[in-house]
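Contents: one structure, followed by commentary.
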Amino acid sequence: MDTREVWRIPHAGSLRRLVRVAESLPDPGPGEARVRVRAIGLNFADLFACLGLYSATPRGAFVPGLEFAGVVEALGSATEPGAPRPGARVLGLTRFGAYATALNIDLRYLHPSPTDWDFAEAAAFPVQGLTAWYALLELGGLKRGAAVLLHSAAGGVGLNALRILAAQEARVVATVGRPAKRDFLMQRLGLSTDQIIVRDRRVFGRQLDGALAALGLDGLDLVLDAVAGPYFRPAYDRLRPGGRIVVYGAADLMPKGARPDYLRLALRYRRRPRLDPLRMIAENKSVMAFNLIWLWEQADRLPRAYDQLARFADRPPLIGRRFRFAEAPAALRHLQSGESVGKVVLEV
Ligand SMILES: NC(=O)c1ccc[n+]([C@@H]2O[C@H](COP(=O)([O-])OP(=O)(O)OC[C@H]3O[C@@H](n4cnc5c(N)ncnc54)[C@H](OP(=O)(O)O)[C@@H]3O)[C@@H](O)[C@H]2O)c1
């Protein structure tokens, strides 16, 4: 038996309900390790979960958080050769429960942390790295030189996706929500002003046409869309035959306050994009969608996924802002504001 602190929400619906509590942690069970958590990666999904807008959210009380990095402290049973030992630095995925100073976790969800990354960098890696990899390569079928539209390019998933796209020599149109992020992408990543759109929901189609013309492109092969709302349709309309949109989120539905404004949400939800599958046949266009939780349920696929992702992980993820564990609510508000660049991390 050990003790730990967690951020727990008694039931989803408001960010104000998150409370920090001390509690006991049982010894790890067979096939589990106890990890002393040193950093936690925040994800946009954490916000949707706390707000009660994420279908995978547990009923009743839960501890948010999908990824962490730390040190293995104890094992629940003798392990297979190659499994992490006490003292090993690891990163890991968890289906909720990461906002904690220690946790017990099935060994299959742990992965060795790269030795030259700090804990925050390691905690920043699993969800957003795997999301970008899965969206672009597994579902998106990204081909060398493809014309790709990437929304929220300065965010956690976005920066991971840009690495993969660069390695595949893709022609990228990147969108961001505010000019400061355009400047960041130009200064830190060398993107050109022509290829970056600061999204305007009223004229996004025209913005896209301008960027495509500037890059000498007549359409898109692949779109990564986790914003949805009014940006989906113009992108779909500009897909070349054979093109795909991979949908994996709906940031446009993110409420501004601590609680959802259900009226505004309902209006936006009613206006969500709709497509006719029969027309899609004639147009030779596809829409694909996924939730990474599905991959979490297939733990045995994770080693291969990490191996493939390692090709694009020659340097650590970019941390936009580090918060202390005690500052989790402020860290979430920062992520919710839409201002964050790169990864937002809690350090224990
Ligand atoms: N399906 C899955 O399994 C899966 C897994 C991981 C992530 N995701 C999704 O991928 C997206 C990126 O995730 P992330 O964790 O890397 O987050 P992130 O991109 O670092 O941050 C979210 C970004 O969403 C954009 N955004 C658009 N409309 C917004 C609004 N109304 N309010 C606030 N932000 C808004 C903002 O960037 P810009 O304004 O610059 O675009 C914001 O910075 C999220 O939508 C997330 O839900 C899905």
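The values are calculated or read from the model by the stated rules, or taken from the named source; none is laboratory data. Being a predicted model, the structure only gives us computed values, none of them experimental. Positions of Cβ are backbone-derived with ideal geometry, glycine not excepted, and every protein chain shown enters the neighbour counts. To get the accessible areas, we keep the full protein, side chains included, count just its heavy atoms, and leave off ligands, DNA and RNA. Shrake-Rupley method; radii C 1.70, N 1.55, O 1.52, S 1.80 Å.
Some points to look at:
- Spacing of the modelled spin labels on D183 and S14, each 7 Å from Cα toward Cβ, amounts to 3.7 nm.
- Candidate cross-link partners of K285 among the lysines, defined by an alpha-carbon separation under 26 Å and a same-chain spacing of 8 or more, comprise K143.
- Of R279, R311, R259, the one that fluctuates the most in a GNM where the chain has Cα springs shorter than 10 Å: R279
- Note on R301 and V21: with the Förster distance fixed at 25 Å, the Cβ-Cβ geometry gives a FRET efficiency of about 0.15.
- Of A123, A153, A250, the residue with the greatest mean-square motion in the GNM of the chain, using alpha carbon springs below 10 Å, is A250.
- Of all stretches in the chain that contain no GluC sites (Glu not before Pro) in a DSSP loop with at most 12 other Cβ atoms within 10 Å, the longest one is 1-168.
- All lysines inside 28 Å of K256 as judged from Cα atoms, apart from same-chain residues fewer than 8 positions distant: K181, K343
- Using the Cβ-Cβ distance between R59 and F290 with R0 = 25 Å, the FRET efficiency computed as 1/(1 + (r/R0)^6) comes to roughly 0.60.
- Area of T193 that stays accessible when all protein chains are in place (1.4 Å probe, Å², to 10): 80
- Cα gyration tensor, the chain - rounded (a/c under 1.5), prolate or oblate: prolate
- Comparing G87, G216, G338 in a Gaussian network model of the chain where C-alpha atoms under 10 Å apart are linked, the largest mean-square fluctuation is found at G216.
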